[in-house]
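Below is one structure, written out as structure tokens; comments come after it.
The values are calculated or read from the model by the stated rules, or taken from the named source; none is laboratory data. Since we're looking at a predicted model, the values are computed, not measured. Neighbour counts are summed over all protein chains in view; Cβ atoms, including those assigned to glycine, are modelled from backbone coordinates with ideal geometry. Each accessible area value is taken on the protein alone, full model and side chains, heavy atoms only, with ligands, DNA and RNA left out. Shrake-Rupley method; radii C 1.70, N 1.55, O 1.52, S 1.80 Å.
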Amino acid sequence: MWVLQIPQFVRHVPSQSHLCYTSHVSSRVPVSFVSLNPSANLINDINSNNNQLIQSLCKGGNLKQALHLLCCEPNPTQQTFEHLIYSCAQKNSLSYGLDVHRCLVDSGFDQDPFLATKLINMYYELGSIDRARKVFDETRERTIYVWNALFRALAMVGHGKELLDLYIQMNWIGTPSDRFTYTYVLKACVVSELSVCPLRKGKEIHAHILRHGYEANIHVMTTLLDVYAKFGSVSYANSVFCAMPTKNFVSWSAMIACFAKNEMPMKALELFQLMMFEACNSVPNSVTMVNVLQACAGLAALEQGKLIHGYILRRQLDSILPVLNALITMYGRCGEILMGQRVFDNMKKRDVVSWNSLISIYGMHGFGKKAIQIFENMIHQGVSPSYISFITVLGACSHAGLVEEGKILFESMLSKYRIHPGMEHYACMVDLLGRANRLGEAIKLIEDMHFEPGPTVWGSLLGSCRIHCNVELAERASTVLFELEPRNAGNYVLLADIYAEAKLWSEAKSVMKLLEARGLQKLPGCSWIEVKRKVYSFVSVDEHNPQIEEIHALLVKLSNEMKAQGYVPQTNVVLYDLDEEEKERIVLGHSEKLAVAFGLINTAKGETIRIRKNLRLCEDCHAVTKFISKFANREILVRDVNRFHHFRDGVCSCGDYW
DNA sequence: TTAGGGTTAG
């Protein structure tokens, strides 16, 4: 006869052992291998059988029964608890996890560092970081596994400062770090809210790594590379990459990502080519492809992007969500909105990022209503909008001047979707109102913000002041901006632009002097064009292109044609009080016009010209490109720093609202 | 026992 017998098997269980048997589980266990009056050997066999049964129940996912059985098992083993802890995390059950933890304490395993490690992992996975920390605090023998488990948890939830404080403590008591410790500590630098400069902290950890001989560890060094990349220290990242004795596809991908994300997309593509030709053991995977697609998007290099798309198809990486999402963005940012839509339509599975990507590309192209329609469709399909969804859709409203629609969406964020508007959303709203010349409403919104407005918000206001030439408000915005980000040259240039537009030449001059005095430089205008899979770059008044004379001659010819039709060069964009002829010469040499002329010369008749520019398109370039699109009967696509302009037959898709 | 690079905005 098989019956439940508990007390007679309780041997070593600590004083609170009764707790073990008064857990939330039922006191009646349906199945047990425990028999009446067994011999000592039999008891051992039975215990072993029970432990094995608990473990197999865990493996089978039957956690409830495993817990039932644990309640009548007087000698649970370390392995049994390991299985139970693992199952609780797998089942995502905090209440079972707490039960297992309670039984573990009752069984005297609470000071077992192996199980403490597992408990910390479990609590992290169950989202209870405080309990993970408590386990750590209560564990007296802290092996490196125990430290690393907590470090991992803290790094993953973004508690960088706590992690780094503990790391100091660990060093102080003399526990040596291992290769895993360094990866977590490095990650903490990125996610920390440190009082000291996090990059400096990263360099300190770099020194620790070198001192302790981990410079050859591929994981540690790739993480270090990535830390430098995330701080925008491309040269440091590159030095780490070059110094790595062995590299694999992860290290190559991390360096490609570093270039792609730090506005060096050309370098990213060059490195990818090198990886393909030189690093035979480093086959790119889906992550590499995402990074490369980002680089193509950054360059607006459609032909390269298409080649990468082909490679993705050949390698059968086209079912991976981030790859497809990156493809949507790549096509959109290269001006091929319909190709982006096609990728989206053919996706078997979509996530919120896929929807955001599509909303974003329509918004960037000025199709605000379509972007809102996609946003609504997403909600209709049961996908909850994210924080970023609202940035994209509000941005779309801004590009299209959809003020009322934007205001309704902004209001709905909290009331309908329980998303608190953040800095980026306020920046979008200020941009939306400001562009629409509702500067009073924009400033009111800033004044009513329930947190301190940051540089993005004031920057949006200053940008709007530039469009509507509002000197007074521009001075107010720039006073704050010079305080918040004194090293951002763009703000000085914007204010000088506004003064120049208002013909306040001495004020414009003093702002530019201030810029120089602070050791800053105006970001030179630069435009890129891809012709026959090669990307050409132009800076203003460029003299280096071998075809420069031909380009100039064409521009002068076009300018004369335009003048004959009433065009007057808009030289007010020139910041200095020069004579009109000189100003005209400068404006005619703007990088974007040089790139358009180069495109006209080097592409076939009827072929679309695609340009990318690093700044906002100036009024004169906009007017000239409109004319060229009609005169030369060419479709011209220009992506400036904010959005797309489709020039066709003398008209721009932005409706002159940008 | 634990680890590195990824998609959307501005």
Next item on the list: Please verify whether the stretch A:298-309 includes one or more residues that are within 11 Å of DNA strand B (Cβ to nearest atom), open to solvent by less than 50 Å² (accessible area, probe 1.4 Å) and of a type in the set (A, V, I, L, M, F, W, C).
Entry: no
Notebook entry, point to check: In this structure, is A:Glu592 outside the structural domain of A:Glu507 (by TED's automatic domain parsing), part of a helix (DSSP H, G or I), free of Cβ contacts under 8 Å to residues at least 12 places away in the same chain and acidic (Asp, Glu)?
Noted result: no
Next item on the list: Among the residues of the stretch A:406-440, write down those that are open to solvent by less than 70 Å² (accessible area, probe 1.4 Å) and among the acidic types (Asp, Glu).
Entry: A:Asp431
Item checked: In the stretch A:190-204, residue modelled with the lowest pLDDT [restricted to those that are assigned to a helix (DSSP H, G or I) and aliphatic (A, V, I, L, M)] -> A:Val191
Note to self: Pairs needed: first member in the stretch A:281-296, among the polar types (S, T, N, Q); second member anywhere, within 6 Å of DNA strand B (Cβ to nearest atom); C-beta distance under 6 Å; at least 6 residues apart or different chains.
What the structure shows: A:Ser282/A:Asn248; A:Ser282/A:Phe249; A:Ser286/A:Ile320; A:Ser286/A:Val323; A:Thr288/A:Ser253; A:Asn291/A:Ser253; A:Asn291/A:Ala257
Check: Limited to the stretch A:113-146, what total is found for residues that are of a type outside the set (A, V, I, L, M, F, W, C), within 12 Å of DNA strand B (Cβ to nearest atom) and in contact with a helix residue (DSSP H, G or I) (Cβ under 6 Å, 6 or more places away or on another chain)?
Finding: 10
Notebook entry, point to check: Picking from A:Leu327, A:Leu317, A:Leu394, which residue would you name as being open to solvent by less than 10 Å² (accessible area, probe 1.4 Å) and either over 30 Å from A:Ala436 (Cα atoms) or of a type in the set (D, E, K, R) (or both)?
Noted result: A:Leu327
Item checked: From the options A:Arg350, A:Arg333, residue that is in contact with a Phe, Trp or Tyr (Cβ under 8 Å, 6 or more places away or on another chain) and either near DNA strand B (Cβ under 10 Å from one of its atoms) or open to solvent by less than 50 Å² (accessible area, probe 1.4 Å) (or both) -> A:Arg350
Next item on the list: Confirm whether A:His399 is within 20 Å of A:Gln341 (Cβ to Cβ), open to solvent by 20 Å² or more (accessible area, probe 1.4 Å), touching a residue at least 60 places away in the same chain (Cβ under 8 Å) and not small (Gly, Ala, Ser).
Entry: yes
Next item on the list: Name the one entry in A:Val157, A:Val185 that is open to solvent by 30 Å² or more (accessible area, probe 1.4 Å), of a type in the set (A, V, I, L, M, F, W, C), closer than 21 Å to A:Lys118 by Cα and away from DNA strand B (no atom under 11 Å from the Cβ).
Entry: A:Val157
Margin query: For the stretch A:126-162, give me each residue that is under 32 Å from the mean Cα position of the chain (by Cα) and part of a loop (DSSP other than H, G, I, E, B).
Written below: A:Leu126, A:Gly127, A:Ser128, A:Gly158, A:His159
Item checked: Count of the stretch A:441-466 residues which are over 26 Å from the mean Cα position of the chain (by Cα) and either away from DNA strand B (no atom under 16 Å from the Cβ) or open to solvent by 60 Å² or more (accessible area, probe 1.4 Å) (or both) -> 5
Notebook entry, point to check: Quick check: is even one residue across the stretch A:549-568 in contact with a Ser or Thr (Cβ under 7 Å, 6 or more places away or on another chain) and either open to solvent by less than 60 Å² (accessible area, probe 1.4 Å) or modelled with pLDDT of 90 or more (or both)?
Noted result: no
Next item on the list: Report yes if A:Ala254 is modelled with pLDDT of 95 or more, near DNA strand B (Cβ under 8 Å from one of its atoms), in contact with a Leu (Cβ under 7 Å, 6 or more places away or on another chain) and not polar (S, T, N, Q), otherwise no.
Entry: yes
Checklist line | Residue check, A:Leu274 more than 8 Å from DNA strand B (Cβ to nearest atom), of a type in the set (A, V, I, L, M, F, W, C) and in contact (Cβ under 8 Å) with a residue 40 or more places away in the chain | finding: no
Margin query: So if I check each of A:Leu615, A:Leu637, which one is within 15 Å of A:Ser540 (Cβ to Cβ) and either within 29 Å of the chain's Cα centre (by Cα) or surrounded by fewer than 22 Cβ atoms within 10 Å (Cβ to Cβ) (or both)?
Written below: A:Leu615
